Structures are given as structure tokens and as C-alpha cells.
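The values are calculated or read from the model by the stated rules, or taken from the named source; none is laboratory data. For clarity, every value in this text was computed on a predicted model and none was experimentally measured. As a convention, Cβ positions derive from the backbone with ideal geometry for all residues, glycine included, and neighbour counts pool all protein chains shown.
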Ligand code: EZ4
Ligand code: CO
């Protein structure tokens, strides 16, 4: 069996999805995703210029050897762009393998460990009352877990995760168009004074059962993060996400000495070498890698197994910029993983998105149910794809009130 051709598609409804389709001499094809927010043309180029020419003629069933060929063969290892491009190939090859077996992909990983996978939604508000309405909306929809992000009184501009405007159609992704990023102002002192009290009010309003998550988005120094984690301990968060930037695998030592709040980190990691110390030293409770950004199923499965040995559960990244192909791959890992925790789930469920990526995966009462179709269980409509093209965009940057560039 041989790979005969592969194509990259760039674009989608409101998003620059990078979709890979690998064709074989037996008619079976596989789909992969190389979407990386704000750098989509680069993973597309990595695929087109290097990986695809090297795939032609290879046996698509040798997922491991092909992964090793690209990873070791790159000489300059790892990095988000390369690992995302490898992920697209790997996901597509697992799709082919499962289609050949006539099974949903999770069967090849070890079958189902649970029926539905717990997901969380994103509630957001320009102020606390607005956020309360947003949380109530998701609770009414049946969600058992909600991430809460809130605008802060006196903060000079909108900050990460916070909606502009109010009402049922609030969407915290406002306008990321253009290659020059928009700038936000971040005031750590105001955040430290406001947010713990706001989280306590949310807990009071919604009672003990709701799983409440909060994303600090890398904004605090290690000492500040420890103070914050202590302050929010009575709220009983499901998790506190990215309290500090994740580059420093020792940054959580102080926090761990002072607080038992569960910590989730890893959405910017692209390999097991970014998180092995965090996991082995049991500095985190949830690992947040995305299968798309961490080398695909072959590599992410190794991270999941290492995590499982150290009581770290999964909480894969699933922001709105993640394509339905990434989410399908994660759904199969979630169905299998013995140490599954929760899944962030925010794929744009619009008719346009469903038309481009038809699938039978579905969400019900706050749980994601994986499709039983052979392979990934998601397709790609090339006629629909012809409607879309790349639209330049960039994530914002953050500055402190004195102008110092900070962590977005
Ligand atoms: O900022 O996906 O938890 N989710 C997040 C996301 C990330 C974006 C970056 O591409 O932190 O909203
Ligand atoms: Co996050």
C-alpha cells in the first residue's frame, strides 16, 4: 500500500483551518489538521514544501516509522510549527489505519473507557453580573463545567477571554484580523485584588456542584501565582489554568508548597520534553496539550501515558481555533484515556462549519460522544472548502500599564 498524493487546504468559516488530506493507491484517504492560531501559512508551507514530497510512495500504515522519520530526520528537533505539521500527517495516517480496520479510531487505542467525555464551555462577561448571566446560560444548556473569565473594574482595556458587548451572542474572540497584533493593557495588581472575590461570588451563586475553571493565561510571576492560588482555594476550582508562563518547569514549586488548587498547564507545549519534569515532579494536575500541536496521536499518547503514571489527568486544549479534525482526534483519545479529565470544547457549531466538516460526533448534556464511524469519524467537503481562503490574523499582545511587554 502506498501514499499517492496529499493536499493542503487553508481557510474556513471565520478561521484559518489548515487541513491535510492524504490519498492512497487503495482509495482510502485520511484527514489531518495543522491549524496553529496566527501562524497558519507556516505549517501549510512545512507540509507542502517538505513533508508531502517525502510521503509520496511510503506505506501509510507505518505511522510510527513515518513519525520517527520526520521527527529524527528534521535534525533540528521539536518546535510548534514542525510538531504541528507532523501532527497533521500522523492524524491522517491514524484515520487511514482505522478506516482500513473498519473501526472507530478509539478501538485501536484500547477501546472505550467511558461513554461520554466531560467538556467545559467558556463563560465570559465584561463585568461580574454579565459573567453571571453567561454562566447561567451554559448551566441551562446542561454543561457541568464552565470556564469563567471576567472584565475587571478600572482595567484600562479588555483583557484575555473577555467579551466585548453583552447578550446571548457574546463571543470573546473579538477581532484578531490583521498581521499587526492589537495591544491589551494588563494590570496584575487590579487582577489580584478583584478576581478571588469574583470567583467566590460565582461559587456562592451557582452552588457546590458546578465545576468552575479559570484561566490566568500566563500573566503572573511565580510568587504572585502562589498568592493567587492560596486566595482562591476556598472556591474549590476544578482547575486554575496557566498561572505562570510554562517555559520554566520549576515555576510552580512555590505555588505547590502553598496551595492545593488543581493546576492545568500545557496548551503551548509541543512535546513530552516540555512537560516531563512538570509531570514527573507532580507539579500539575491536568496536562493541556492539543493533539494537533504535540505531534499527533503517536506523540500525544506518550504524554498521556507518562501523565497517567503520575496521577496527572488530561484536559486537552480545544479553543475555537481548533478544527473539528483536531477535536475528533482528541475525542478518540478521550474515549480511551484511563486518565481522562475533561475536554475544552468550543468548535464553532455553525451550519457552515458542519457543512465543511461533516461528522456524527455530538454533544449532549455537557458530555461529548464520539462517533462510531470507521476512522476519525469526520469528513471534509472540498466543494465547501472552495468557498474559503486564508485571511491574515494575529493574536493580541499584552503590555503592563507602564508599557512593558508582558505575556499574552
Ligand atoms: O489563548 O487558543 O484555554 N484556552 C486558551 C486559548 C488560547 C488560544 C491561542 O491560540 O488559552 O484561548
Ligand atoms: Co488557556
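If only one of 320, 338 is within 16 Å of ligand 2 (Cβ to nearest atom) and either part of a loop (DSSP other than H, G, I, E, B) or in contact (Cβ under 8 Å) with a residue 12 or more places away in the chain (or both), which one is it?
On the way: 338 fails: within 16 Å of ligand 2 (Cβ to nearest atom).
Exactly one residue qualifies, and that residue is 320.
Which one of these is more than 16 Å from ligand 1 (Cβ to nearest atom) and out of contact with any helix residue (DSSP H, G or I) (no Cβ under 6 Å at 6 or more places or on another chain): 215, 242, 175, 248? First the steps, then the outcome.
Values: 215 fails: more than 16 Å from ligand 1 (Cβ to nearest atom); 242 fails: more than 16 Å from ligand 1 (Cβ to nearest atom); 175 fails: more than 16 Å from ligand 1 (Cβ to nearest atom).
Exactly one residue qualifies, and that residue is 248.
What are the residues in the stretch 326-335 that are within 16 Å of ligand 1 (Cβ to nearest atom) and under 25 Å from residue 77 (Cα atoms), if any? If you could, list the steps in order and put the result at the bottom.
As a first pass, look at the stretch 326-335 and keep what is within 16 Å of ligand 1 (Cβ to nearest atom): 326-327, 330.
Result: 326, 330.
Those residues that are within 16 Å of ligand 1 (Cβ to nearest atom) and touching a strand residue (DSSP E or B) at 6+ places or on another chain (Cβ under 6 Å), I need them from the stretch 288-312; list them, please. Give the steps one after another, and end with the answer.
At the first step, the residues of the stretch 288-312 found to be within 16 Å of ligand 1 (Cβ to nearest atom) are 288-294.
Result: 288, 292.
Which residues, taken from the stretch 195-236, are within 29 Å of residue 401 (Cα to Cα), more than 14 Å from ligand 2 (Cβ to nearest atom) and in a loop (DSSP other than H, G, I, E, B)?
Once the filter is applied, which keeps residues that are within 29 Å of residue 401 (Cα to Cα), more than 14 Å from ligand 2 (Cβ to nearest atom) and in a loop (DSSP other than H, G, I, E, B), the stretch 195-236 yields 221, 232.
Is it true that residue 289 is within 13 Å of ligand 2 (Cβ to nearest atom), in contact with a helix residue (DSSP H, G or I) (Cβ under 8 Å, 6 or more places away or on another chain) and either closer than 21 Å to residue 71 by Cβ or modelled with pLDDT under 95 (or both)? Break it down into steps so the answer makes sense when it comes.
On the way: within 13 Å of ligand 2 (Cβ to nearest atom): yes; in contact with a helix residue (DSSP H, G or I) (Cβ under 8 Å, 6 or more places away or on another chain): yes; either closer than 21 Å to residue 71 by Cβ or modelled with pLDDT under 95 (or both): yes.
So residue 289 passes the test.
Any idea which of (1) touching a helix residue (DSSP H, G or I) at 6+ places or on another chain (Cβ under 9 Å); (2) over 26 Å from residue 98 (Cα atoms); (3) crowded, with 24+ Cβ neighbours inside 10 Å is the one residue 257 doesn't satisfy?
The one condition residue 257 does not meet is (3).
For residue 114, work out the one condition from (1) within 16 Å of ligand 1 (Cβ to nearest atom); (2) in contact with a helix residue (DSSP H, G or I) (Cβ under 8 Å, 6 or more places away or on another chain); (3) within 17 Å of residue 370 (Cα to Cα) it doesn't fulfil.
Just one mismatch for residue 114, condition (1).
Within the stretch 265-276, can one find any residue that is modelled with pLDDT of 95 or more, more than 16 Å from ligand 2 (Cβ to nearest atom), farther than 30 Å from residue 90 by Cα and surrounded by 18 or more Cβ atoms within 10 Å (Cβ to Cβ)? Working first, answer last.
Filtering the stretch 265-276 for residues modelled with pLDDT of 95 or more gives 265-276.
Now drop any that are not more than 16 Å from ligand 2 (Cβ to nearest atom), which leaves 271-273, 276.
Among the residues that remain, those that are also farther than 30 Å from residue 90 by Cα are: none.
Checked against the condition, which is being modelled with pLDDT of 95 or more, more than 16 Å from ligand 2 (Cβ to nearest atom), farther than 30 Å from residue 90 by Cα and surrounded by 18 or more Cβ atoms within 10 Å (Cβ to Cβ), the stretch 265-276 yields no hits at all.
So which strands (runs of 3 or more DSSP E) stay within the stretch 1-112 end to end and still have 3 or more residues that are away from ligand 2 (no atom under 16 Å from the Cβ) and surrounded by 23 or more Cβ atoms within 10 Å (Cβ to Cβ)? Quick ask: steps written out before the conclusion?
Numbers: elements: 3-10, 18-24, 29-33.
In the stretch 1-112, the matching strands (runs of 3 or more DSSP E) lie at 18-24, 29-33.
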